[in-house]
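Report on the following structure.
Nothing in this text is a laboratory measurement; each read-out follows from the coordinates by a stated rule. Keep in mind it's a predicted model, so treat the numbers as computed, not measured. Here Cβ is always computed from backbone atoms with ideal geometry, including for glycine, and neighbour counts include all displayed protein chains.
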Amino acid sequence: MTGIISLIQAAIVFGTVIMFGAVGETVTEKSGNLNLGVPGIMYLGGIASLAGAFFYENSTDSPKRVVCVLIALLCAVAASALGGLIYSFLTITLRANQNVTGLTLSIFGSGVANFFGGSLNKLAGGVGQISVEATSSAFRYSIADSVNLGVFGKLFLSYGFLAYLAIVAAVITQIFLTNTHKGLNLRAVGENPGTADAAGISVIATKYIATCAGAAISGLGGLFYVMDYTKGTWANDASIETLGWLAVALVIFATWKPKNVIWGAYLFGVLYWMYFYIPNLTRSSQEIFKMLPYVVTIIVLIITSLRKKREQQPPMSLGLSYFREER
Amino acid sequence: MAELVQTKEPLIRIAKRQSMNKAAAMLIRGLSLLVALVICAIIIYSITGHNPFKVYVSMFEGAFGTQRRTWITLRDTVMLLCIGVGLAPAFKMKFWNIGAEGQILVGGIATAACMIYLKTLPTALLFLVMFVSSCIAGAVWGVIPALFKAKWNTNETLFTLMMNYVAIQLTSFFVAKWENPFGSNSVGIINRTTKVGWFPALLGKDYLLNVVIVMALTVFMFCYLKYSKHGYEIAVVGESVNTARYAGINVHKVIIRTMLLSGAICGISGLIAVSGAGHTISTSTAGGRGFTAIIVAWLAKFNTFTMIAISLLIVFLEKGAVEIATQYNLNDYASSMITGIILFFILGSEFFINYRVIFRSAERGGDKA
């Protein structure tokens, strides 16, 4: 029983990281931009929040929790939106290829983040490991810490506020995309920008806003990873990158619907951590288990292409730049 | 109210260029590279306070300072080039093979398996088996998404991307299986003492064989794409699938055949990485090169000779940045950052080669009345 509870807890924490990433990427892809820079954007969001929190905590003796949280959020959103802006400028204004630009953004983001992460570790001195305890604990503060509510508390109330914010973000995005005028415009741009343009929607503005806003949401995944998943530290390994690609996979898995992203994220979390809770696995067979999220995504991808249900297809103009002059 | 509504012409218009002569195009690319280097210099200066020109000089030393360094730079360049050459036919066909990373890894796994289990074979036979098995492994990994693309139009960008991670986990599986010494979580150098299955040194140079193989592939691919019937079919499918069908080209067959070839060459890159360079296998055997090579192939417009220059530039930046990192006590992720900035600029510069920017007043000077 405790095994199952801790699996679910691990899955929810893991799922929150990729939920932010995937909700942001869904917004971006719905506008027709296939941004493969999600890992880079999450890196940017993570390192910016860490750096912001680090410098704030070092500047005062008694850092205020609210300020810590606000600074970290602001830095993450600003840095990742900036990543989205670079991508938008290159692909929308300069009409560069989306896949190549996205991959470059991933290289750039991981370079920037690990470069500054390593430097921050050095700056922090001492054990050579940066730690932003005040900010991290503010992000990790949960109701279950102070009130004992038994199993219910452990399962549902033992997470930092961002875990709930991720669900809220997914729900709002879903409502925005399906039930609002602006959301309809956004989807029109992603399906057929030529028609949208003729209908008087500004394709360029829509794509810019969707990509930057999407990037900002994805960046929160990086923030959550740094502040909650690794508890306010930095390690130069590629794990944010892996999670970033999983977020891209999740968008496909959810067939471009934020409501599916919610349960998909937790399912990926369970699949990812399952090996840890299955007894008597050798280390090599654990690795086979870790394939599951990717294999499941491939299967979903194949099934959606087989069934050809229109509401499950990728946005029609996904990955294509829009040239008004070539309509 | 028959007044004419005068709509104002937009301040900036963008028009497609018919063509641009090669010299001008190269000039634009060169300029963008220069601007990128200046921006990087400013960043280096603002972070470290060191003279950026000195930093660039030490980058050069890092890449070509000694004979050994030059060979390592060369080794890594041909590695990147090999993957780029493998990707070229797929991309020319507009098949987004993002899965090179995985194809390299399975090629590497096949090679490592031969080195571990078939030690006793005669050398020539062992190399033949290694070559064939790495080709097959890469080709299988590449053709799976192609089969689904051809039959059901499954999105290949996302499919190949996922295949990378399946391959990475497969590599972790074999690393755990073959780990040596036990508990180290790495395979270690395979056949360290006997050097069975290692690329032999040609003319006393360790990595000359790598260079020879990749150069042969580069020339082959250039001719294949430019002068063969297959190459022509690839180009037509890439331009328009409907035209290809109309011309009687079997599109399914072309997609599958091309991805077999593309995957096989990426598999050979795995062979070179394991047998010719690292003599070990790990999840970082491909090390992101599969992604970098996509950028190489794209920027070179699938011309395999142009790829040589671009691969060299990227590897030079990497080696140089590592050198800066050690000399100035930074960390070597600076190289990814600098590479990213430079690639952004080169990608952006393509716009000015393909399009003209026309200002309102510039073109029709006085017709505002």
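Round to a whole angstrom and tell me the spacing of the C-alpha centers of the stretch B:207-259 and the stretch A:187-262.
35
Take the Cβ-Cβ distance between A:L74 and B:V140 as r, set R0 to 60 Å, and report the resulting FRET efficiency rounded to the nearest 0.05.
E(calc), rounded to 0.05, equals 0.80.
What is the mean number of Cβ atoms from other protein chains located within 10 Å of the Cβ atom of each residue in peptide A:89-96, rounded to a whole number?
Taking the mean over all residues of the peptide, I get 5.
Within the stretch B:88-197, report the chymotrypsin sites (Phe, Trp or Tyr not before Pro) that DSSP leaves as loop and that have at most 16 other Cβ atoms within 10 Å.
Of the chymotrypsin sites (Phe, Trp or Tyr not before Pro), the ones in loops of the stretch B:88-197 whose Cβ has at most 16 other Cβ atoms within 10 Å are B:F182.
Which value results when the Cα radius of gyration for the protein assembly as shown is divided by 2.2 N^0.38 Å?
After normalising by residue count via 2.2 N^0.38 Å, the value is 0.97.
For B:166-172, what's the mean count of beta carbons from other chains sitting within 10 Å of each residue's beta carbon?
Across B:166-172, the average partner-chain Cβ count within 10 Å equals 5.
Going highest first, how would you order A:104-111, B:316-323, A:220-227, B:209-216 by mean Cβ packing within 10 Å?
A:220-227, A:104-111, B:316-323, B:209-216
For peptide B:349-359, what's the mean number of Cβ atoms from other chains within 10 Å of each residue's Cβ?
Across B:349-359, the average partner-chain Cβ count within 10 Å equals 2.
Principal axis extents for the stretch A:191-287, Cα atoms only, whole Å, descending order, please.
62, 29, 20
Rounded to the nearest 500, what is chain A's calculated 222 nm mean residue ellipticity when only DSSP H runs of at least 4 contribute -39500 (n - 2.57) each, over all residues?
-24000 deg cm²/dmol
Which of these, B:I255, B:I168, B:I44, has the largest mean-square fluctuation under a Gaussian network model of chain B (Cα springs below 10 Å)?
Comparing B:I255, B:I168, B:I44 in the GNM, the peak value goes to B:I44.
I'd like to compare B:256-262, A:35-41, B:65-71, A:12-18: which one has the highest average count of other Cβ atoms within 10 Å, and what's the full order after that?
For the peptides B:256-262, A:35-41, B:65-71, A:12-18, the packing ranking is A:35-41, A:12-18, B:256-262, B:65-71.
If I take every Cα pair under 8 Å that is 6 or more residues apart in chain B, average their sequence separation and divide by the length, what percent do I get for the relative contact order?
Value for chain B: 35 percent.
What value, in deg cm²/dmol to 500, does the helix sum -39500 (n - 2.57) over DSSP H runs of n ≥ 4 give at 222 nm once divided by the residues of chain B?
It comes out at -23500 deg cm²/dmol, rounded to the nearest 500.
Calculate the FRET efficiency for A:I278 and B:Q67 from the Cβ-Cβ distance with a Förster distance of 56 Å, rounded to the nearest 0.05.
Step by step, r from the Cβ atoms, then E = 0.60.
Hey, could you grab the Kirkwood Rh for chain A? Inverse mean 1/r over distinct alpha carbon pairs, Å, one decimal.
20.3
Using Cα-Cα distances under 8 Å and only pairs 6 or more residues apart, what relative contact order does the stretch A:1-127 have, in percent?
34
Please list the radius of gyration and Dmax for the stretch A:241-327, considering alpha-carbon atoms only, with Å as the unit.
My reading of the Cα-based Rg and Dmax gives 16.6, 62 Å.
May I ask for the distance between the Cα centers of the stretch A:28-89 and the stretch B:24-76, given as a whole number of Å?
29
How many times 2.2 N^0.38 Å is the alpha carbon radius of gyration of the stretch B:275-350?
Cα-based Rg divided by the globular estimate yields 1.21.
If one computes P(r) from the Cα atoms of the stretch B:67-327, what percent of pairs lie at distances over 22 Å?
Of all Cα-Cα pairs in the stretch B:67-327, 54 percent lie more than 22 Å apart.
Using a Förster distance of 25 Å, how high is the FRET efficiency between B:V38 and A:S239, based on the Cβ-Cβ distance and rounded to 0.05?
0.15
Looking only at B:G204, B:G287, B:G263, which one moves most when chain B is put into a Gaussian network model with springs between Cα atoms under 10 Å?
Taking springs between Cα atoms under 10 Å, the residue moving most is B:G204.
Test of understanding: ordering A:E25, A:E311, B:E179 by Cβ neighbours within 10 Å, fewest first, what list do you get?
Going from least to most buried by this count: A:E311, B:E179, A:E25.
Could you pull out which residues in the stretch B:268-283 have an amide N less than 20 Å from a spot 7 Å beyond the Cα of B:L121, following the Cα-Cβ vector?
B:268-281
Arranged from highest to lowest average of other beta-carbon atoms within 10 Å per residue, in what order do the peptides A:45-51, A:304-310 appear?
Ranking the peptides A:45-51, A:304-310 by packing returns A:45-51, A:304-310.
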